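J.: My questions will all concern the structure given below.
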Amino acid sequence: AAAVLWLAGAALVAGADAALADCAARALSSEPSVVEGSSKGGALPGLQCIGFAEDRRCCEELPVHKVKAFLQYAVNHDKEHLASFDVVLAGAEQALAAASVSDECSDVAEAMLRPRLEVVPMLAQRALESLESVEHLVLSSLCSYCFPEGEGESLRITKHDGPAARQLSSFAVTAQATHRMLREADLATLALEGEAKRCVPQYLVDLQSGSVVGGGASGDADAFQASVEAVARLRRWPLDRRRLSASFRAEAAEHFEEDFFEFAERLLAALVGPAARIAHQIQLLSLAVGGRDHRASGHSVARLLWGVASSSEASPSGLAEDVSTLHASAAAPQAPAGARGGAADDDGDAGSRFGMVVLISNQTELDIVHELLSRLQGPRTLILEDVCGDALEALGSGCHGGGPQQSRCLAPAHAAWIARQGSGVRVAWRRHGSTRSIGHTAWAFAASFWGEGCSVWLADFRPEKACPGVQPLADVLGGGVVPGARLQLVKEPARLLGLPKEAVFARVSGEDEQADAGAASTFADQSFATRLAEYIDFHHRGVAALASDPDADVPVLVYSCQPYAQCGGQGDRLNGIVTAFLLAILTRRVFLIDSESPLPLQMLLVPRLVDWRVRGGLPATALLRQHHYHDKRRQFEADLGKLASYPDKTLVLTMNYRMLRVLFESSALRPEAAALGLPLGSPPFLVAELFDALFEPGPALAAALAAGRLALGGGGAAVADRGFVAVHLRTGDISLATPEGLQGKLRSAPQPRAQQTCVVATSGPQGSRPLRPRPHRPLGDGAGPDRPTTRSGCSSAARRPWCSPGASSARPPRRLAACPPPTSRRMAAACGRTSAPREAQRRNGRGRRPQGCASAWSKRA
């Protein structure tokens, strides 16, 4: 026992060393607020730090009280959560009772539910008993932070923290053994033959498909010690971050409670997670065997749980045709950029197809932008705004809080203002710079506006001092990074336009950047799936090794979304999955997905190139290796070095941001990224290719897709050939969560007095095809008159960028008969100019109205 306690404490003492160094680091900091709180005397009220010298402390009282209050609230919440499982168990007993009376599958239902009903109370009780250990470890960490001890006195921390770490690790080992027992019972149920087999829902089949994760230790003793080390890692990492930069140290001085919140959340999740996962499984199995979603109910959820296809959704032959068409269209080459963008500015003379792209950024001074607009006019000029700064600066921080940062998150600094000036120049904004180069973006727009054979000059006015790390255009243009592009660099753009020399970007690239550009040109025409061939083979071998021996030495990275845990919505989850997948590729780990909430992910999306399924979910010991980065961009970036060299073979991540650029810019991952041609040589749709490498529609989702195509007026290639407009309405506002609320919102929007028109261009396998005009009837009380397709020249507002400028007799593309009313200033600005003078608008009580919604509603935009 003494040896066990010593081992547990030896692992945890690293956290005390971090705190010791931290106090000294703050004393040496140049930040006034940090120095002010670096060292104080006296004990902290309400915090008992037995074994610590309390005559010198380096923390404020308020954050300490916040940690204690948070811990009390979190523990009480988890007690209530564990107690709520009694309701789940009672419902399951009722379902079994109902099945035993009238269902021939009652024996199978008993075999699936009874083992789970027996283990949940035991795990919940063990978790309740271990909550005190979590409190002790968090408060002990707080003591070691506020009262750092000398190196020779660290055994006091060992003596006090060892029993708590031992209890948590013992719980994890016990929960893992329970998890293994349930898996064996489920496999026995799945092995049933004859009539009994039809009593097994598809949910259980999918639940027990995939690789076994977390059984890496050879025995309970090894698992115990590994769990102790994992607890120490969870405690140490938040404290280690503040050594990385002055900003982290400054935040820690006044808000160090966040570090302890994170530590407490991870430990509590590891305690509650095993019982919560099994309770969630009990709920779904109860619904399937004796609840409203019984096999015979015909409900949509029942069809998912039992794997029964609906005959009304699609016929098997039509489904197969639609799915094969979907895959074929995904693999087919895309139409040229000029075809996608509609009519290019081409008067038939090849020598006249040219243009200038002027590059500015969010850091370009407003005075420079004013001067550029005074010198540049006409549709042969495109002003392209780039985003300068590192990945986190470009994305923005605090973007969901509604504070002062909100307006600077993912919003252009100049492009919207330029578009409102009516100068006739084209303007665009490069929203993300995580993949490819500004040269790719410039050429894509130029080819769309002026044709594939055009010649383009680039004038760079992004300020050098404000855009560190930006790839010089000379490397991009000279290295063949943009295949087929006819781009030429204006060597002295300031002199050409009579502007100050310091306004021009003129940085010379280093050897690493030149090497990156050379690697990117190698992969210019290669799909990402082709580049992943070696990793896919590595993944297949790893999954095969885990199938033969769950304890095989195979490094894995698991994206986890557990029941009752914070995962975010569908977009958040997909962003996290894509980021974790790319991190697994760059760190040579087998990528797996553990997602049971609300249903196992494999019930909707099935593996395509790699088998990412996890059998039965993650065991408890793996939960101690879970690092949670929900809404924690800076923390993820700070921990990337440690994640890249993670010592355990199992690493579990939960995150909700797509942070590809952070991966590419990390010094620990940059060589691996460059070996795959990232980021400059990435394919045009990297995220889509990553998604396609992981997923394809399962039977239920494929049937729904086929039904959707039929609703659009045809199946398979017919829909793609006709073209259609897809609108994504994000209903984050609770008032839009119901059809009534949505209709009320649209009904209250300002209605256009006269019928408006939109230009819509769509692209299919055969190139660009305009939609047939359809009458627009608003959701309000009345309906506007139909307006036929216009075949005459373009109006001034609708001419950008779809009609040939200056050629009023040119036949424009077809138009939709009407444009929906704008619901905001931003939408109105995107749709064009106002159609009536401001005074008339005020008189009629109407807002700005769109004249030609080309850029706002086109598929290309």
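The values are calculated or read from the model by the stated rules, or taken from the named source; none is laboratory data. As the structure is a prediction and not an experimental result, all values here were calculated from the model. For neighbour counting, all protein chains shown are included, and Cβ atoms are generated from backbone atoms with ideal geometry for every residue, glycine included. The protein model used for the area step is the full one, side chains on, heavy atoms only, and it has no ligands, DNA or RNA in it. Shrake-Rupley method; radii C 1.70, N 1.55, O 1.52, S 1.80 Å.
J.: Being surrounded by fewer than 18 Cβ atoms within 10 Å (Cβ to Cβ) and not hydrophobic (A, V, I, L, M, F, W, C) narrows it down to one of GLN526, GLN626, GLN562, so name that one.
T.: Within the list GLN526, GLN626, GLN562, the selection yields GLN526.
J.: Restricting to the stretch 125-166, what's the tally of residues that are modelled with pLDDT of 90 or more and open to solvent by 70 Å² or more (accessible area, probe 1.4 Å)?
T.: 3
J.: Can you pull out every residue in the stretch 175-203 that is polar (S, T, N, Q) and either farther than 26 Å from SER300 by Cβ or touching a strand residue (DSSP E or B) at 6+ places or on another chain (Cβ under 7 Å) (or both)?
T.: Answer for the stretch 175-203, where residues must be polar (S, T, N, Q) and either farther than 26 Å from SER300 by Cβ or touching a strand residue (DSSP E or B) at 6+ places or on another chain (Cβ under 7 Å) (or both): GLN176, THR178.
J.: Just name the residue that is surrounded by the fewest Cβ atoms within 10 Å (Cβ to Cβ) out of those in the stretch 593-611 that are touching a His at 6+ places or on another chain (Cβ under 9 Å) and under 22 Å from PRO201 (Cβ atoms).
T.: Here the residue is PRO598.
J.: Give just the number: which of (1) open to solvent by 20 Å² or more (accessible area, probe 1.4 Å); (2) at pLDDT below 90 does THR621 not satisfy?
T.: Unmet condition: (1).
J.: Tally time: how many residues in the stretch 420-442 are of a type in the set (Ser, Thr, Tyr) and open to solvent by less than 20 Å² (accessible area, probe 1.4 Å)?
T.: So the count comes out to 1.
J.: Right, next: Enumerate the pairs (first residue in the stretch 626-641 and over 22 Å from ALA226 (Cα atoms); second residue anywhere and open to solvent by 10 Å² or more (accessible area, probe 1.4 Å) and small (Gly, Ala, Ser)) with beta-carbon separation below 9 Å, excluding pairs fewer than 6 apart on the same chain, so at least 6 apart or on different chains.
T.: HIS630/GLY568; ASP631/GLY568; ARG633/SER397; ARG634/SER247; ARG634/SER397; GLU637/SER666; ALA638/SER245
J.: Name the single residue that is nearest to ARG615 (Cα to Cα) among those in the stretch 542-559 being of a type outside the set (Gly, Ala, Ser), open to solvent by 30 Å² or more (accessible area, probe 1.4 Å) and out of contact with any Gly (no Cβ under 6 Å at 6 or more places or on another chain).
T.: Here the answer is ASP549.
J.: Answer yes if at least one residue in the stretch 631-649 is out of contact with any Ser or Thr (no Cβ under 9 Å at 6 or more places or on another chain), at pLDDT 85 or above, surrounded by fewer than 21 Cβ atoms within 10 Å (Cβ to Cβ) and among the small types (Gly, Ala, Ser), and no otherwise.
T.: Among the residues of the stretch 631-649, not one is out of contact with any Ser or Thr (no Cβ under 9 Å at 6 or more places or on another chain), at pLDDT 85 or above, surrounded by fewer than 21 Cβ atoms within 10 Å (Cβ to Cβ) and among the small types (Gly, Ala, Ser), which makes the answer no.
J.: While we're here: For the stretch 452-480, give me each residue that is open to solvent by less than 10 Å² (accessible area, probe 1.4 Å), modelled with pLDDT of 80 or more and assigned to a loop (DSSP other than H, G, I, E, B).
T.: CYS454, PHE461, ARG462
J.: Is there any pair linking a residue in the stretch 175-191 that is open to solvent by less than 60 Å² (accessible area, probe 1.4 Å) and modelled with pLDDT under 95 to one that is of a type in the set (Asp, Glu) and not in a loop (DSSP other than H, G, I, E, B), with Cβ under 8 Å and at least six apart or on different chains, and which?
T.: That search, which allows pairs on different chains as well, returns ALA177/ASP220.
Matching residues to (1) surrounded by 24 or more Cβ atoms within 10 Å (Cβ to Cβ); (2) under 13 Å from LEU117 (Cα atoms):
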site: ILE278; (1), (2): yes, yes
site: ILE282; (1), (2): no, yes
site: LEU285; (1), (2): no, yes
site: VAL289; (1), (2): yes, no
site: ARG292; (1), (2): no, no
site: SER297; (1), (2): no, no
site: GLY307; (1), (2): no, no
